[in-house]
Amino acid sequence: MVRKQHISSPPILQNHTPPQNPIMSQQPLQSSLPPLSWQECKQRGWNEIDVLLITGDAYVDHPSFGIAIICRVLEDQGYKVAILSQPRYDSPQDFAQYPTPRLFCGISAGNLDSVVANYSSSGRVRNSDSYSPDGNPWRGDNRSRSDRRRPDRASIIYTALAKSCYKNCPIVLGGIEASLRRFVHYDYKQDKLRASILTDAKADLIIFGMGERAIKEIAQRCEEGITLDGIRGTCQRFTEKELDEHLPTLAGERTNNREFLFLPSLAEIEKETGLFLDAEIAVDNHARAQSRQTVLQKQQSQWIIQHPAAKSLSESELDAVYALPFLRTSHKSQKNIPALQMIKDSVTIVRGCAGNCSFCAITRHQGAEIVSRSHRSIVKECKLIAEEENFHGTISDLGGPTANLYGTKCRIGGCNKRDCLFPKTCPNLEIDEERFLRLLKDVSSLKGVKHLFVSSGMRMELLLKTPRLMEKIIAEHTPGALKIAPEHTNDEVLTLMHKESHDLLVRFIERCREIAKKRKKPIYISPYIITSHPGSTLKHAKCLAEDLKKLDLKVRAFQDFTPTPGTISTAMYVTERHPQSKKSLFVPKNISERKAQRNIVEKEVLSREFDKKKSKVQVSEKFSRKPGKGKKGF
């Protein structure tokens, strides 16, 4: 139980001495899955647990799953960690099987926001769930709301059940749902702005972003009976009185200064919706600058306090995380998890993304700072995969949020903007082409590895700056079609998306044609696009289809824009305002407007079955569009 203790200012590690290794003890662990029931705990001879981790996903012991990383990090510190996976939420029975955890209870909705996992962009119930057994979102034949494996806004539901069963036990929220809903946010299923998930759930803390440092600090403080105030990478909730007690330097003031950043309150945003865009931009700028300001936002009767973000892991620390003994499998009671089948033999090589796409939450969650694993660490993990009995010869991905940001770094050590790819690639971004090439060579040469692919997204502008790497990946490390993500082709829409102009796609296809001519083989390309993004009109959609046809590209994957929590695009959607000028912005919201744009793509350029003859860059010089032609907005 945590002892209450007030402090004069929000400390980072005040009066606390961390162990010698700031992340991992690196002591060997017995390779076994963590217990998924109290019965399994008793079979280990346990009469208590230190930490209970609750997740809306089936438990998969793989480093692509956040709950697995947190579990293995805590186990590495010697804690007894149990898992409660996809519990029933129509009664506390599944929760009640466990005794109250000795230290704390950690809750995550899973690898996806629960609303995103449960509903399509149009609000329809999804009929499949990649993070559930057999891909089935229901427990049985009865397709009622209570029989779904994962509830809507799972963090709130799980917290209520945990608090009813585990008295006086700190409840810590984490994962993508809690991280991106920590401030006032938009819920597209309910079509309304909601308060912070921390105040709605009445949990004790949120860990935002990547949680290895914060989770260790929380466990240590709970062990020592020290307050959980002020831990970097966490959010707390205070009443007005508690706020002044914990942050006396405020002295009753509620204005921005060098130490504090105040966001528009929930009441202010509800009164003037345009302030929601201001708040989201402020959070985005604060995160990319790695600011040390404490961020505050008034909810209903409470304040959300976000302490400075946790420091990014170093290369050696990231290596240590991925060296933990993940079994890359699911529990025997949870079989056939589609997400596991997809990523089982994939390897993460880089963390963070400096792309800052308006519609994407990766930068806000993982950070804009790029951290690459060492060559040795990646090769060692690939070797372990290749030695497994059920390995079939293919490493399915060497990737991350953006695979070809691997090995990149800032020549000047970083800046407050951390916006390395827009509107053009920053001249201070150093790209180590040779490092990636060497990695591909060494992993490909491992015994048992027949095929090595880079399946994660790659930035076209970086590929063009690394011609040998681009040709190597296209020739030897592409699984079928080369997947690219231009998202759109109209420059007005691309600017709103925070993406480079359409000329980039033109130049990329021209370069692919040169490679195809050199190899005397066609290159198959599968572009991914987004329709109905804020600012996209019907004319823009027609322009998109026209441009793709001129490039002789067919689309296999596209989606309507989904206004998920924690993105600038969602703020544009809600406020109908341009993020820079704040002028009125057309936003296709109703079903007919979105369907009209979707129909254009489906009719003109969608390929239901991948037709290589219609989706390849020919050796011949068929394409002849001049860069920039016709790119003025509507």
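The values are calculated or read from the model by the stated rules, or taken from the named source; none is laboratory data. Model, not experiment: these values are computed from the prediction. So basically every Cβ, Gly included, is an ideal-geometry build from the backbone, and we count neighbours across all protein chains shown. Heads up: the accessible areas ignore ligands, DNA and RNA and are worked out on the full protein's heavy atoms, side chains in. Shrake-Rupley method; radii C 1.70, N 1.55, O 1.52, S 1.80 Å.
Some points to look at:
- Options 253, 242, 223: the member that is under 32 Å from the mean Cα position of the chain (by Cα) and open to solvent by 60 Å² or more (accessible area, probe 1.4 Å): 223
- Screening the candidates 113, 134, 187 for the property of being in contact (Cβ under 8 Å) with a residue 40 or more places away in the chain and more than 18 Å from the chain's Cα centre (by Cα) yields one hit, 134.
- Residue under evaluation residue 281, criteria (1) under 24 Å from residue 351 (Cα atoms); (2) in contact with a Cys (Cβ under 8 Å, 6 or more places away or on another chain); (3) of a type outside the set (S, T, N, Q), criterion not met: (2)
- Selection status of residue 547, over 24 Å from residue 361 (Cβ atoms), over 20 Å from the mean Cα position of the chain (by Cα) and open to solvent by 20 Å² or more (accessible area, probe 1.4 Å): no
- Residue within region 193-211 that is of a type in the set (A, V, I, L, M), in contact (Cβ under 8 Å) with a residue 24 or more places away in the chain, under 19 Å from residue 565 (Cα atoms) and surrounded by fewer than 24 Cβ atoms within 10 Å (Cβ to Cβ) present: yes
- Pick from region 369-386, criterion closer than 22 Å to residue 430 by Cα and in a helix (DSSP H, G or I), ranking: most open to solvent (accessible area, probe 1.4 Å): 376
- Selected residue [in contact (Cβ under 8 Å) with a residue 40 or more places away in the chain, crowded, with 17+ Cβ neighbours inside 10 Å and either within 21 Å of residue 375 (Cα to Cα) or not assigned by the TED database to the domain that holds residue 585 (or both)] from 506, 493, 449: 449
- Count of region 122-132 residues which are open to solvent by less than 30 Å² (accessible area, probe 1.4 Å) and among the hydroxyl-bearing types (Ser, Thr, Tyr): 1
- From 504, 464, residue being farther than 30 Å from residue 585 by Cβ and in a helix (DSSP H, G or I): 464
- Evaluated against (1) among the aliphatic types (A, V, I, L, M); (2) in a loop (DSSP other than H, G, I, E, B); (3) not assigned by the TED database to the domain that holds residue 449, residue 354 falls short on exactly one condition, (3).
- Top-ranked residue of region 305-341 - restricted to ones that are over 26 Å from residue 214 (Cβ atoms) and charged (D, E, K, R), ranked as most open to solvent (accessible area, probe 1.4 Å): 332
- Qualifying residue in region 92-115 (condition: over 27 Å from residue 218 (Cβ atoms) and open to solvent by 10 Å² or more (accessible area, probe 1.4 Å)): yes
- For residue 534, the stated conditions hold: it is open to solvent by less than 10 Å² (accessible area, probe 1.4 Å), in contact (Cβ under 8 Å) with a residue 24 or more places away in the chain, over 14 Å from residue 551 (Cα atoms) and not in a helix (DSSP H, G or I).
Residue-by-condition table, conditions (1) modelled with pLDDT under 95; (2) open to solvent by 40 Å² or more (accessible area, probe 1.4 Å); (3) of a type in the set (D, E, K, R):
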site	(1), (2), (3)
407	no, no, no
426	no, yes, no
430	no, yes, yes
439	no, no, no
442	no, yes, yes
445	no, yes, no
465	no, yes, yes
473	no, no, no
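- Helices (runs of 4 or more DSSP H) fully within region 256-340 counting 3 or more residues that are outside the structural domain of residue 179 (by the TED database) and touching a helix residue (DSSP H, G or I) at 6+ places or on another chain (Cβ under 7 Å): 274-288, 315-322
- Taken together, the residues in region 197-215 that are part of a loop (DSSP other than H, G, I, E, B), among the small types (Gly, Ala, Ser) and farther than 19 Å from residue 157 by Cβ amount to 2.
- Residue tally, condition touching a residue at least 60 places away in the same chain (Cβ under 8 Å), surrounded by 23 or more Cβ atoms within 10 Å (Cβ to Cβ) and under 20 Å from residue 528 (Cα atoms), over region 342-354: 1
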